[in-house]
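The values are calculated or read from the model by the stated rules, or taken from the named source; none is laboratory data. The structure presented is a predicted model; accordingly, all values stated were derived computationally and were not measured. For neighbour counting, all protein chains shown are included, and Cβ atoms are generated from backbone atoms with ideal geometry for every residue, glycine included. Heads up: the accessible areas ignore ligands, DNA and RNA and are worked out on the full protein's heavy atoms, side chains in. Shrake-Rupley method; radii C 1.70, N 1.55, O 1.52, S 1.80 Å.
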Amino acid sequence: MSQHIQYETRGRIAILTLNRPEKLNALNYATIDNLMEHLDLIEKDDAVGAVILTGAGERAFCAGGDIYEFSESIKSGVEIAVRDFCKRGQIMTARLESFPKPMIAAVNGLAYGGGCEMTEAVHLAVASDRAMFAKPEINIGIPPTFGGTQRLPRLAGRKRALELLLTGQAFSPRRAYELGLINKIVPHDQLMSSAFELADRVLQHSPLAVARIIGAMTRGINTSIDEGLNIEREQFARMAATKDVHEGLQAWKERRKPVYQGC
């Protein structure tokens with residue numbers, strides 16, 4: 001794998017770091033592909049229960065897509081640009097959104113364009129008080145391409161999303177919190193510890209239950225309530241016969257902390 005993504009583990013938590021600080025961690029094609037490769041490996045690794053996604057350096061989480069590379073795809077024609085840039089980015093954010101292990105963004109700086117779309121897609125997000133967000137694609141004459149026209153209005157509401165999408169104006173972490181893009185704002189030097197604390201709180205629970213909740217919400221949020229309830233029942237049925245359910249119930253009866261096995 002390339003070095004565009006740094007990978008390490010601390011206990012049951014994997015840390016994926018976008019590693020192009022000289023380019024503000026912009027997403028070139030190799031970075032996206034490398035990230036997807038790591039996610040495939042992490043999903044199969046039972047020793048990893050949660051993932052923290054962050055950016056290298058002090059300036060940026062991710063400044064968006066690599067415009068120089070994207071412009072070359074545009075020169076090659078519409079079909080190539082859609083395939084290489086738009087579709088690749090949409091597959092990446094869909095993977096983040098549906099990943100069966102909790103995915104937490106630790107937004108350490110600029111989260112513009114694709115970086116903002118990654119923040120929208122992940123399950124949970126903690127932002128540094130130095131972070132800044134923007135949907136600046138309109139400034140180069142395109143709409144967002146990694147899911148930003150779809151996820152942002154679902155999080156923030158139609159009119160507030162359109163204001164950001166149509167103006168390209170940068171906004172603060174406080175505004176991102178108000179819009180539902182992030183869960184928490186913390187001092188910059190507490191960012192990673194706060195992300196680890198959040199991951200640890202999730203990891204106290206059955207990994208199967210965590211996966212079922214993520215699956216039910218990801219699949220059900222854009223359906224009718226009746227369809228969503230069917231999905232919820234399906235996820236419950238998949239969970240009901242597991243050993244973790246029996247352990248959780250027995251631990252509750254015995255007033256002790258459950259010991260989950262993930263089976």
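Normalised by the number of residues in the chain, what is the relative contact order in percent for Cα pairs under 8 Å and 6+ residues apart? Across the chain, relative contact order equals 15 percent.
Helix 67-76 and the longest principal axis of the Cα set of the chain meet at an angle near 70°.
With the helix formula -39500 (n - 2.57) applied to DSSP H stretches of n ≥ 4, the chain reaches a computed 222 nm mean residue ellipticity of -15000 deg cm²/dmol.
Judged by the gyration tensor of its Cα atoms, with axes a ≥ b ≥ c, the stretch 24-64 is oblate; a/c meets the 1.5 cut and b/c is at least as large as a/b.
Full extension from Gln261 to Arg201: what is 0.36 nm times the residue separation minus their Cα-Cα distance, to one decimal in nm? Full extension from Gln261 to Arg201 adds 19.9 nm. Beta bridges per DSSP, both residues in the chain: antiparallel share near 25 percent. By definition, a body whose alpha carbon gyration tensor gives a ≥ b ≥ c is oblate when a/c is 1.5 or more and a/b is not larger than b/c, and the stretch 38-173 fits this oblate description. Rounded to the nearest 5, the antiparallel percentage of DSSP beta bridges internal to the stretch 62-187 is 10%. Other residues whose C-beta falls under 13 angstrom from the C-beta of Ala56 contribute a net charge of 0, scoring Lys and Arg +1 and Asp and Glu -1.
If R0 is taken as 41 Å, the Cβ-Cβ distance between Ala170 and Gln250 corresponds to a FRET efficiency of 0.20. Put a plus charge on the Cβ of each Lys and Arg, a minus charge on the Cβ of each Asp and Glu, and nothing anywhere else: the dipole of the stretch 113-263 about its Cα centre is then about 260 debye. Per residue, the stretch 131-263 exposes an accessible area of 61 Å² to a 1.4 Å probe, with every protein chain left in place. Using every pair of distinct Cα positions in the chain, the Kirkwood expression returns a hydrodynamic radius of 19.2 angstrom. A Förster distance of 35 Å, applied to the separation of the beta-carbon atoms of Glu8 and Asp226, puts the FRET efficiency at 0.20.
In the chain, a dipole from Cβ-located charges (positive for Lys and Arg, negative for Asp and Glu) runs towards its positive end, and of Gln169, Ser128, Val202 it is Val202 whose Cα lies farthest in that direction. Amide H contacts for Ala60 (H built 1.01 Å from N in the peptide plane; partners 5 or more residues away or on another chain; cut-off under 5 Å): Leu110. For the stretch 135-193, the relative contact order comes to 33 percent (Cα pairs under 8 Å, sequence separation of at least 6).
Note: relative contact order over the stretch 54-143, using C-alpha pairs below 8 Å and six or more positions apart, is 34 percent.
Counting only alpha carbon atoms, the long axis of helix 191-203 and the longest principal axis of the chain meet at about 40°. Oblate is the label for the stretch 36-113. Its Cα gyration tensor axes, ordered a ≥ b ≥ c, give a/c of at least 1.5 and b/c at or above a/b. Local charge for Asp129 was computed over the other residues whose Cβ lies under 15 Å away, with Lys and Arg +1 and Asp and Glu -1, and equals +2.
For the stretch 102-145, report the % of Cα-Cα distances exceeding 16 Å. That fraction is 37 percent. The C-alpha atoms of the chain define a longest principal axis, and helix 243-254 lies at about 60 degrees to it.
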